[in-house]
Amino acid sequence: MDTKRTAIVTGATGAIGKAIARQMADFGYNVSIFVRNEMKAKNTVDEIITTTGNENVEYVIVDLSRKDAIRQAVEGWDGPLHVLINNAAVTPRRREETPEGIEMQFATNVLGYFWMMQYFEPYLKMGAPSRIVNVASYWAGDLDIGDLECRNSHYNNDRIYRQSKQADRMLTVAFAGRMKKDGIAVNAAHPGDVNSILSNNLGYGGHESPDSGADTPVWLASSDDFEGITGKYFEHRDETNCRFGRDKGLVEKLFEICESY
Ligand SMILES: NC(=O)c1ccc[n+]([C@@H]2O[C@H](COP(=O)([O-])OP(=O)(O)OC[C@H]3O[C@@H](n4cnc5c(N)ncnc54)[C@H](OP(=O)(O)O)[C@@H]3O)[C@@H](O)[C@H]2O)c1
């Protein structure tokens with residue numbers, strides 16, 4: 001990696017994440033994809049290098065549902081980070097748990113985002129002004145703060161997914177408040193409806209292309225229009241009112257719960 005601006009994209013072996021990583025490489029960023037499957041990782045890196053001509057693309061193998069794995073990946077990191085795009089997510093049809101016993105959607109879609117922001121903060125500070133983009137969704141709501149892991153109710157992957165995407169938007173507000181003083185902007189985006197494993201598990205296809213899904217996250221990560229904008233939520237490049245960030249008490253409660261894991 002040379003000394004240009006560096007971006008991490010999680011879940012870049014998936015539909016939207018791969019398009020995000022390719023577009024960031026096309027813009028000339030050094031891109032590090034954080035993914036869990038080595039074979040897919042190699043193929044994705046090769047594909048991005050071939051299509052963009054940018055040789056500064058690499059992968060890091062990490063299970064983003066596991067705190068120790070993320071911590072280990074961060075320990076191997078060196079130098080400033082300018083952009084972190086949290087994108088990896090899952091929607092298993094049946095309730096699954098990590099080896100630590102944490103419900104899988106909460107672990108990956110919520111805690112994974114939380115730990116990446118928390119552990120990369122020193123490197124984002126080094127790279128400031130820097131940016132975090134949390135890939136969230138308009139498909140969000142019904143967060144049950146007393147049962148985030150769905151232990152006391154019937155598991156429905158769509159409901160737990162919507163809860164997790166509400167949590168991503170709330171954590172965006174929580175981290176934006178904490179990181180502003182260090183020159184780190186934190187915003188959230190709905191990418192668009194794209195056909196993927198994630199959307200198929202929820203029972204729908206998707207009418208937008210992966211490139212179109214990547215457009216708003218990449219724009220938030222790279223455009224000069226965003227200097228000083230933080231804690232906001234965007235759909236199709238439009239800043240969109242987000243009711244989930246308004247209840248500061250609930251936002252802080254969620255942050256505290258995530259911190260306790
Ligand atoms: N698709 C849509 O219509 C839509 C709409 C709104 C929001 N979104 C959001 O867009 C983002 C990307 O979704 P997508 O549709 O592109 O999904 P996708 O194609 O299913 O990709 C998901 C990615 O996450 C990775 N991942 C899952 N669990 C992981 C773990 N424990 N550790 C490391 N990587 C892991 C997957 O890796 P593997 O390849 O190894 O499985 C894959 O790269 C998600 O945050 C989703 O909520 C999507």
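The values are calculated or read from the model by the stated rules, or taken from the named source; none is laboratory data. Only a predicted model underlies this, so the values are computations on that prediction, with no experimental measurement involved. Note: ideal-geometry Cβ built from the backbone for every residue, glycine included; neighbour counts use all protein chains shown.
Structure values in brief
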read-out: Which numbered condition residue 152 misses (of (1) closer than 21 Å to residue 233 by Cα; (2) surrounded by fewer than 16 Cβ atoms within 10 Å (Cβ to Cβ)); value: (1)
read-out: Top-ranked residue in region 166-199 [being within 8 Å of the ligand (Cβ to nearest atom) and farther than 22 Å from residue 148 by Cβ; ranked as surrounded by the most Cβ atoms within 10 Å (Cβ to Cβ)]; value: 191
read-out: Failed item, numbered, when residue 59 is tested on (1) buried (at least 20 other Cβ atoms within 10 Å of the Cβ); (2) away from the ligand (no atom under 13 Å from the Cβ); value: (2)
read-out: Yes/no for residue 81 being buried (at least 23 other Cβ atoms within 10 Å of the Cβ), more than 13 Å from the ligand (Cβ to nearest atom) and not in a helix (DSSP H, G or I); value: yes
read-out: Candidates 213, 206 - the one that is in a loop (DSSP other than H, G, I, E, B) and either in contact with a His (Cβ under 7 Å, 6 or more places away or on another chain) or within 13 Å of the ligand (Cβ to nearest atom) (or both); value: 206
read-out: Residue within region 92-101 that is near the ligand (Cβ under 10 Å from one of its atoms), out of contact with any Pro (no Cβ under 7 Å at 6 or more places or on another chain) and at negative phi present; value: yes
read-out: Test result for residue 63, within 20 Å of residue 223 (Cα to Cα), in contact with a helix residue (DSSP H, G or I) (Cβ under 6 Å, 6 or more places away or on another chain) and acidic (Asp, Glu); value: no
read-out: Number of positions in region 231-247 that are assigned to a loop (DSSP other than H, G, I, E, B) and hydroxyl-bearing (Ser, Thr, Tyr); value: 1
read-out: Some residue of region 36-53 being in contact with a strand residue (DSSP E or B) (Cβ under 7 Å, 6 or more places away or on another chain) and assigned to a loop (DSSP other than H, G, I, E, B); value: yes
read-out: Near pairs, Cβ below 7 angstrom, 6+ apart or cross-chain, from region 207-226 (aromatic (Phe, Trp, Tyr)) to any residue that is modelled with pLDDT of 95 or more and surrounded by fewer than 22 Cβ atoms within 10 Å (Cβ to Cβ); value: 219/237
read-out: Condition check for residue 246: basic (Lys, Arg), surrounded by fewer than 16 Cβ atoms within 10 Å (Cβ to Cβ) and under 20 Å from residue 9 (Cβ atoms); value: no
read-out: Considering residues of region 104-119 that are over 15 Å from residue 36 (Cβ atoms) and surrounded by fewer than 23 Cβ atoms within 10 Å (Cβ to Cβ) only, the residue farthest from the ligand (Cβ to nearest atom); value: 118
